[in-house]
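Asks: Here it is, the structure in full.
Nothing in this text is a laboratory measurement; each read-out follows from the coordinates by a stated rule. Because the structure is a prediction, the values reported are computed rather than measured. Here the Cβ is made from the backbone with ideal geometry for all residues, glycine too, and neighbour counts use every protein chain on show.
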Amino acid sequence: MRIAHVYSKTGALEAYGKQTQTGVMMGFDYATNGTMMVAGKKITVIEKDDQGKPDVAKSLLATAYGDDKADLAIGPTSSGVALALLPVAEEYKKILLVEPAVADSITGDKWNKYIFRTGRNSSQDAIANAVALDKDGVTIATRCAPIACRVRTSAPALLTTSAGCPLSRAASPMTCSDSLCAPGPCAMTATRQA
């Protein structure tokens, strides 16, 4: 069984990439009792460094599925890279196990039947933080994809972002009311005002 691991071995998200690579290899070691074999077949992990660049990643995944004959792929580190890889998995009709990229749209409006996510997404992070830290003066910081600029809370208090934009309580979930949710990732800090 050939598995491509497409991740940011270098680049801005290198630290996350290294953690993912370590986790993948530890998981295979544990699941196979150190044999790297499943049902009598050897597992071969083919490492691909996407450098955090969507165009590089697309080429690497196509090569992994096509030339390297990978049965499935794991990765990538970046949400932007993951979104670029979704159509490649669909084109080759092969599974892409997305980890650790967190954009909601990976398994939302951009999803296809070859995409699986093993972890949480940005909205889930924000919701969990809002629920856990729902107290006056508490600040919640999250990086989110455009569709994920939202925070849920049961508190009637107003939240404001780091850019000073109010988060509207009129809609549930609360949504950012200014250009923070423009295309591209955003960084959002919300503070509960009493």
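Asks: Roughly what % of Cα-Cα distances in the range 37-133 sit above 24 Å, to the whole percent?
Replies: Working: 1149 of 4656 pairs.
Of all Cα-Cα pairs in the range 37-133, 25 percent lie more than 24 Å apart.
Asks: Let me ask something else about it. On a straight-distance basis, which aspartates and glutamates could pair with LYS18 in a cross-link, Cα separation under 15 angstrom, same-chain partners fewer than 8 positions away excluded?
Replies: Hits, sequence-local ones excluded: GLU47, ASP49, ASP50, GLU99.
Asks: Between ALA31 and PHE116, what is the spin-label point distance in nm, taking each point 7 Å from the Cα along the Cα→C-beta axis?
Replies: 0.8 nm
Asks: Something else: Would you list which aspartates and glutamates come within 12 Å of LYS113, measuring only between C-alpha atoms, while excluding same-chain residues fewer than 8 positions from it?
Replies: GLU90, GLU91
Asks: Right, here's the next one. Using the Cα centre as the reference, give the magnitude of the dipole from point charges on the C-beta atoms of the range 2-117 (Lys, Arg: +1; Asp, Glu: -1; all else neutral), rounded to the nearest 20 debye.
Replies: Numbers: 14 positive and 14 negative charges, 57 e Å.
Dipole about the Cα centre, nearest 20: 280 debye.
Asks: Farthest toward the dipole's positive end in the range 2-117, which of GLY108, PRO76, HIS5, given Cβ charges of +1 (Lys, Arg) and -1 (Asp, Glu) about the Cα centre?
Replies: HIS5
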